[in-house]
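> What follows is a structure written as structure tokens; I'll ask about it next.
The values are calculated or read from the model by the stated rules, or taken from the named source; none is laboratory data. These figures come from a predicted structure and were not determined experimentally. Cβ coordinates were reconstructed from backbone atoms using ideal geometry, including for glycine residues, and neighbour counts include every protein chain displayed.
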Amino acid sequence: MEIELKNLLLDKLKTGISIFSGAGFSILPAPNGTRLPTGTELCVEIQKEFGLQDIPVESGLEYISEFCPESEYQTFLRKRFTVSEYNPLYDVINKITVKTYVTTNIDNIVRKITDHSDRYYLKSIREYGATMNGYNELSYIPLHGDVADPNSKLYFGSFDLAVVDKQNRDLFDLMYGKLAKEPILFIGYSFHDKGVLSVIKRLMDLGTTDIWIQFLPEDKNNIKLFKSKGCHIIEASTETLLSWMDENIQDNTSEDLCAKNTISKDLHNYLVPTISEVANIPQKEFFQQGNTGWHSILTDIPYERKIVAELEDATLTRKNVMLIGCRFSGKTTILMQLARKVKHKNKFYVDGITKEEAEFIIRKIGTEDAWVFFNNCTDNIMAYNAFAKIKNIKIVGASEEYKFETVKHLLDKSINYKIFDCNEISKDEARQIFNKIPSGIRRDHFSYKETSDEKFSMLEMVAQNVIGVFTKKHISKMLHEMQKYNIDMLKIVALTSYLSENGSAISYINVSNLLDINVYPTAVNLVQQTKDYLRTYDYHLDLAEEMQDYFILRSKLFSINVRNILIEEYKKLFADIVSKFTTKEAQYNILRYNVFRRKSYDAELFAKLFTLEQAEALYQDLYEKNDSPYTLQQWALCLASFKRYQDAFIKIDKAISLMPNNFSFKNSQAIIMFESNKEIGSSDAIGYMEKAMNTLKMCYMDDKRKIYHAQKFAEFAIYFHDKYERNDYLENAWQWISEIIQEDSSPSLRTMKLREKLMSIKSKL
């Protein structure tokens, strides 16, 4: 084996390096003797699997794969390249300091390596969007797809590979930006991909990055070529190189975990902070703006509701607890108050983390007892499940009720958990909260709900009893002044609100792309100017820095008001921003893309912002970028809102054909069928409405996620009663809504209102 600049390579392996691997990396056999196939071996397997004996294996993988049925071929690849074991030499990845891992391989070996790592958790840019480059975060870029990501296409055929660099242009640009920052080690890569070669050429032309490339000793031509380009050559097999790395790099990954039986320092950022570690904020910001920060919690600014003690008591006995409520119900405050109150040395507060990050925290906690307080846990319910399964971890999650209803069927059935609802505030507690409001912003008289049927949440409490609360009128005036001062600042606030409302955050890159700014410092200055301008108003608003270059609107109340004002008063400006961002911004530049994409293309929002023609063009563009059946679903619902029912049927039918067992699509189909026939009144139209009811009934009976089917069935059953004096659907509607309410879960306000309406009808029959 020969390694150019061996000592320098060792240093970079310890201090920080990026890795680029190809097929030659994944060839080592697992302990059970299994291994991934070579190109020729895979050709033979494909030939046999798909009956392609007339296609010679000598033609190569890229050729033979083009004769395979697309869907069946994708399924075959996912199964064939998913490994359960791997060669232990690959564990050397956990001993070196990897900044970014790029691969043309589609297998899950790197995921398996990091699944057991005390050093890293994997963050796939394809799956989760932009990464925040945390110390323990391994940015993962699978260029040709990822078998572990069901939404990722796997590229193997000639035509696929010919266009992969074009289709993933944004991904290749991102790869260049990542690789340009650190030294690079290429392992087992053949340098055949046109798109990758163009990136490598740019890196070599840059001349500021050390590049090591591993070749087999007999590959004389490539050795000569890349040496002439200034690259450092390693002449060795993959196995030899990995063995050398394993022998020469000391493993210090477990030292912190084992030292003095304490939790690793890697978890420090997750610990519930002390008062000395948090920024001071004005007391009135909590009440007027809804800014729930650790300073407010640690200085006892909000009143502690009884539910905090109830949650602690339940967690001590049940171990797994879930707190749900509507927006502005006080969930985050309650969760943080509980986190502060619990007396335990190992207590962690996390917000919307991924399953991989959760599993990393679990490995770092080890066998020690710990509490985890998990805000927005339903952004990735599998992360909650991961914590809940660990015997020595008590987990308290918090979620908006609509999100919980969407994913609660995914809760692990082995988990014993209890649900608490924080929506309603009793009169006694409301009075106690009132007394905690500072005198300067507290109204003269305490106000509570006027009737027993009225709902009274934290939002109502604040609106009725706090002076100077954000109002649409005041915010509208501020936005108007901002528009006159600098319209780019208004655009930044608008995009920030859109991203915040969809679980993401704005970055300097997003600002640059939105405003077509080529000079990065200009974007930084504009964001700072926006922050300074907001501070000039007595609202004490700020773009709160979340991590590194990402920002959110600190006040959720302000954010939602901004969104509503933009829709009502700045519709064209907001529509242009949403259109440009959704179609032009790369998913890899969007923080928490996996969360963002769930609501960002919402049919209800698009119908408010765009004309029919604009919405059509936008959905067409989005579908061409990512041919997801979920895009077709929102497209169909949007068309239906414009009463373009036949076109809506075409889209939703196509979505169902792609995913025949998806009950959400069938629910949407039933809604479109019912709504399109409501006003016709003919016997045929009523027949189709009845067919829609039967579809919803089937969905309720067969789908684990029953809530939406029951709600829509009840809504339509009430319509049949009111419009046609038909009562034949009421019993099922009442039964299903009652079943949902009787479950060990907290029903939403929508469910409760439907029950009240059904009860009122039943009492009159």
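> If Phe387 passes every condition in (1) within 24 Å of Ile741 (Cα to Cα); (2) in contact with a strand residue (DSSP E or B) (Cβ under 6 Å, 6 or more places away or on another chain) but one, which one does it miss?
(1)
> Further, regarding this structure: Test of understanding: among Lys651, Lys678, Lys691, which residue is of a type outside the set (Ser, Thr, Tyr), within 30 Å of Leu154 (Cβ to Cβ) and either buried (at least 20 other Cβ atoms within 10 Å of the Cβ) or not assigned by TED's automatic domain parsing to the domain that holds Asn594 (or both)?
Lys651
> For segment 691-714, does any single residue satisfy the condition of being part of a loop (DSSP other than H, G, I, E, B) and among the aliphatic types (A, V, I, L, M)?
Scanning segment 691-714, I find no residue that is part of a loop (DSSP other than H, G, I, E, B) and among the aliphatic types (A, V, I, L, M), so the answer is no.
> I've got another one for you. Kindly indicate whether any position in segment 396-403 is among the aliphatic types (A, V, I, L, M), under 24 Å from Tyr349 (Cα atoms), in the same structural domain as Gly366 (by TED's automatic domain parsing) and modelled with pLDDT of 90 or more.
Yes: one or more hits.
> Same structure, new question: Of the residues Gly468, Gly503, which is buried (at least 19 other Cβ atoms within 10 Å of the Cβ), in contact (Cβ under 8 Å) with a residue 12 or more places away in the chain and either among the acidic types (Asp, Glu) or on the phi > 0 side of the Ramachandran plot (or both)?
One residue alone meets the criteria, Gly503.
> Test of understanding: among Ile390, Ile307, Ile324, which residue is within 25 Å of the chain's Cα centre (by Cα), of a type in the set (A, V, I, L, M) and either surrounded by fewer than 21 Cβ atoms within 10 Å (Cβ to Cβ) or not in a strand (DSSP E or B) (or both)?
Ile390
> Further question on the same structure: Kindly evaluate Phe674 against the criterion of being closer than 21 Å to Glu725 by Cα, in a helix (DSSP H, G or I) and not basic (Lys, Arg).
Here the answer is yes, as Phe674 does meet what is asked.
> On the basis of being assigned to a helix (DSSP H, G or I) and either small (Gly, Ala, Ser) or at pLDDT below 90 (or both), does Glu66 make the cut?
Criteria met by Glu66.
> Also, quick follow-up: Looking only at segment 720-765, count how many residues are outside any helix (DSSP H, G or I) and aliphatic (A, V, I, L, M).
Number satisfying all stated conditions: 1.
> Ok, one more. Please verify whether segment 493-501 includes one or more residues that are part of a helix (DSSP H, G or I), more than 20 Å from the chain's Cα centre (by Cα), at pLDDT 90 or above and among the β-branched types (Val, Ile, Thr).
Scanning segment 493-501 turns up at least one residue that is part of a helix (DSSP H, G or I), more than 20 Å from the chain's Cα centre (by Cα), at pLDDT 90 or above and among the β-branched types (Val, Ile, Thr).
> Return the pairs, sorted by first residue and then second, in which the second residue is part of a helix (DSSP H, G or I) and buried (at least 21 other Cβ atoms within 10 Å of the Cβ), the first residue lies in segment 4-28 and is of a type in the set (Ser, Thr, Tyr), the beta carbons are less than 6 Å apart, and the residues are 6+ apart or on different chains.
Ser18/Leu179; Ser26/Ile109
Condition check ((1) under 30 Å from Gln464 (Cβ atoms); (2) part of a helix (DSSP H, G or I)) across all residues:
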residue	(1), (2)
Thr367	no, no
Asn380	no, yes
Tyr384	no, yes
Lys394	no, no
Thr406	no, yes
Lys418	no, no
Ile425	yes, no
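> Among the residues in segment 740-753, are any of a type in the set (D, E, K, R) and farther than 19 Å from Asp421 by Cβ?
No - not one qualifying residue is present in segment 740-753.
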